[in-house]
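For reference, the structure discussed in these notes is given below.
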Amino acid sequence: MTTEVRVPTLGESVTEATVATWFKKPGDPVAVDEMLCELETDKVTVEVPSPAAGTLAEIVAAEGETVGVDALLASISEGASTAAPSSPVEAPASAPAPSSGGASVDVMVPTLGESVSEATVSTWFKKVGDSVAQDEMLCELETDKVSVEVPAPAAGVLTEILAPEGSTVEATARLAVIGDAASASAAPAPAASPAPAAKTQDIKDGPAAEKAMAEAGLSRDQVTGTGRDGRATKADVAAAVTAASAAPSPAPAAAPRAPVAAEDASREERVKMTRLRQTIAKRLKDSQNTAAMLTTYNEVDMTETMALRKEYKDLFEKKHGTRLGFMSFFTKACCHALKEVPEVNAEIDGTDIVYKNFVHMGIAAGTPTGLVVPVIRDADSMSFAEIEKAIAEKGKRARDGKLSMAEMQGGTFTISNGGVYGSLMSSPILNPPQSGILGMHKIQDRPMVINGEIKIRPMMYLALSYDHRIVDGKGAVTFLVRVKEALEDPRRLLMDL
């Protein structure tokens, strides 16, 4: 029986890849899920696992070839057994292994989500030699967006940790090995034996990694490979470049800090940025560097919205089981305005403008670990109650660190409420690739001239930051005026005016 090896799904908007490296050659025995080859797209590197055990019969797509999604890469003949060829070679190196090798289970990096290719091992809850139960949490990974707990795929003893705390792992990497209780004492010793043998093999890095090393002026011994069999990846080269640039940094950094008194320096605390915080910093700076960002301001009299909320909030909560807040009013008002000014709900893709005929509303939320933006999908077709329930549920999951990758992707517009922290005025930064973000602020009583008379009114400053490459000043001001009008006369939302 022959099994086909095909190109896996490469990710959103990615239609082709280049075969970078084959780890096996025709005639080699392969095990289920053993890595056969590595594909490179314009965004990520993808390893292709074997769908079945057997012998690699034929390689259809050679190294350097460009292949499309679901294209045939190779074929595997399932008639041959992989155990027979491998045992005679490994038996002399480690005699005790055959009795326990079959019981070993690899702990792999779980699915991290669309467009996420690597993670950092933040915490190991177990150490080598510890007994583990199936589904017991072994470690926690930190990506640039969420934290992921890794459960044990089987019960046994943790015999080896391959990725220690602080290491960066790819989406298909091995984290650890679990063996049965009987092999616990013998497993660590044999594990160390074959490792050097593997290192002595002539291992070829992927072309992307080699190109990155050449561009950075690094030799191969300066890069620590974390890929299969110690192969270097683009991420490994980037890490080496960072390490090289960071090494001499203490001397230059000492210059501006020289005036700091020794007793003050001893009371300072240096903490490494989390991946989430690093990503927040990078994305916000990239947004400033890429978009032609501009902010326009207005203010809204919240009298009518506050009166309507006060009148119906008890009845609303009794009927729908959720509180009536201001966010549903602002979400509705923004959806209403986006229909009139669709470019604020669009994005730039190369030389094209992509208009969205729907509103996936991002609601920025502060959490103990940093800012996240869960997305309320199809907010334009939701009722006040549905919006309030969705915001409450997403907010709780954000604070608990339970948001999935899918819940933070695909937003078309964002609302950021700095007013909950007391902000009176600010200029929000765009959440790329979106073209608009509305900043809400605190409601403050101010004297206003109403029909020739000075009255005290609850006022809020609004700020719309927008990408001037796609949104003109007229469109931005019109959008903000429509939001203002809807909030000052919320009946307009019901009449779709």
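In segment 433-445, of all residues being out of contact with any Phe, Trp or Tyr (no Cβ under 8 Å at 6 or more places or on another chain) and crowded, with 16+ Cβ neighbours inside 10 Å, the one that is modelled with the lowest pLDDT corresponds to 433. Would you call residue 448 within 24 Å of residue 309 (Cβ to Cβ), over 35 Å from the mean Cα position of the chain (by Cα), surrounded by fewer than 16 Cβ atoms within 10 Å (Cβ to Cβ) and in contact (Cβ under 8 Å) with a residue 40 or more places away in the chain? Yes; evaluated as a whole, the condition is true for this residue. Taking every residue in segment 390-409 that is in contact (Cβ under 8 Å) with a residue 40 or more places away in the chain and pairing it with any residue that is exposed (fewer than 14 other Cβ atoms within 10 Å of the Cβ) and part of a loop (DSSP other than H, G, I, E, B), at least 6 positions away or on another chain, the pairs with Cβ-Cβ distances below 7 Å are 405/114; 409/114. When we screen 466, 421 for residues that are of a type outside the set (Asp, Glu), over 16 Å from residue 360 (Cβ atoms) and modelled with pLDDT of 90 or more, the only hit is 466.
Within segment 272-291, track down each residue that is aliphatic (A, V, I, L, M) and out of contact with any strand residue (DSSP E or B) (no Cβ under 6 Å at 6 or more places or on another chain). Those that are aliphatic (A, V, I, L, M) and out of contact with any strand residue (DSSP E or B) (no Cβ under 6 Å at 6 or more places or on another chain): 273, 281, 284. The set of residues in segment 417-431 being closer than 17 Å to residue 374 by Cα, over 17 Å from the mean Cα position of the chain (by Cα) and in contact (Cβ under 8 Å) with a residue 60 or more places away in the chain consists of 417, 428, 429, 430. If you filter segment 294-327 down to residues that are among the hydroxyl-bearing types (Ser, Thr, Tyr) and in contact (Cβ under 8 Å) with a residue 60 or more places away in the chain, you find that the one that is surrounded by the most Cβ atoms within 10 Å (Cβ to Cβ) is 305. The set of residues in segment 396-416 that are farther than 16 Å from residue 370 by Cβ and out of contact with any His (no Cβ under 7 Å at 6 or more places or on another chain) comprises 396, 404, 406, 409, 413, 415.
The strands (runs of 3 or more DSSP E) located wholly in segment 1-63 that include 3 or more residues which are touching a residue at least 40 places away in the same chain (Cβ under 8 Å) occupy 2-6, 16-22, 35-40, 45-49.
Considering segment 350-373, the residues that are of a type outside the set (A, V, I, L, M) and modelled with pLDDT under 90 include one that is farthest from residue 432 (Cα to Cα), namely 368. Mind checking which residues of segment 272-293 are surrounded by fewer than 16 Cβ atoms within 10 Å (Cβ to Cβ) and either in contact with a helix residue (DSSP H, G or I) (Cβ under 8 Å, 6 or more places away or on another chain) or in a loop (DSSP other than H, G, I, E, B) (or both)? Matches in segment 272-293: 272, 273, 292. Across segment 183-204, not a single residue is classified as surrounded by 15 or more Cβ atoms within 10 Å (Cβ to Cβ), charged (D, E, K, R) and either in the same structural domain as residue 373 (by TED's automatic domain parsing) or at pLDDT 85 or above (or both). Looking across segment 158-168, the residues that are surrounded by 21 or more Cβ atoms within 10 Å (Cβ to Cβ) and not in a loop (DSSP other than H, G, I, E, B) come down to 158, 159. Taken over segment 432-477, the criterion of being β-branched (Val, Ile, Thr) and outside any strand (DSSP E or B) is satisfied by 443, 470, 471, 477.
Residue 404 passes every criterion in (1) of a type in the set (S, T, N, Q); (2) in a loop (DSSP other than H, G, I, E, B); (3) crowded, with 16+ Cβ neighbours inside 10 Å apart from (3). Applying the criterion of at least 2 residues that are within 23 Å of the chain's Cα centre (by Cα) and assigned by TED's automatic domain parsing to the domain that holds residue 402 to the strands (runs of 3 or more DSSP E) found wholly in segment 308-373 leaves 347-349, 361-363, 365-367, 370-372. Among the residues of segment 269-295, those identified as β-branched (Val, Ile, Thr) and either farther than 16 Å from residue 438 by Cα or under 13 Å from the mean Cα position of the chain (by Cα) (or both) are 271, 274, 279, 280, 290. For segment 447-497, residues that are under 28 Å from residue 432 (Cα atoms) and basic (Lys, Arg) total 4.
The values are calculated or read from the model by the stated rules, or taken from the named source; none is laboratory data. Remember, predicted model here, so these are calculated numbers, not experimental data. In this analysis, Cβ positions are derived from the backbone assuming ideal geometry, glycine residues included, and neighbour counts consider all displayed protein chains.
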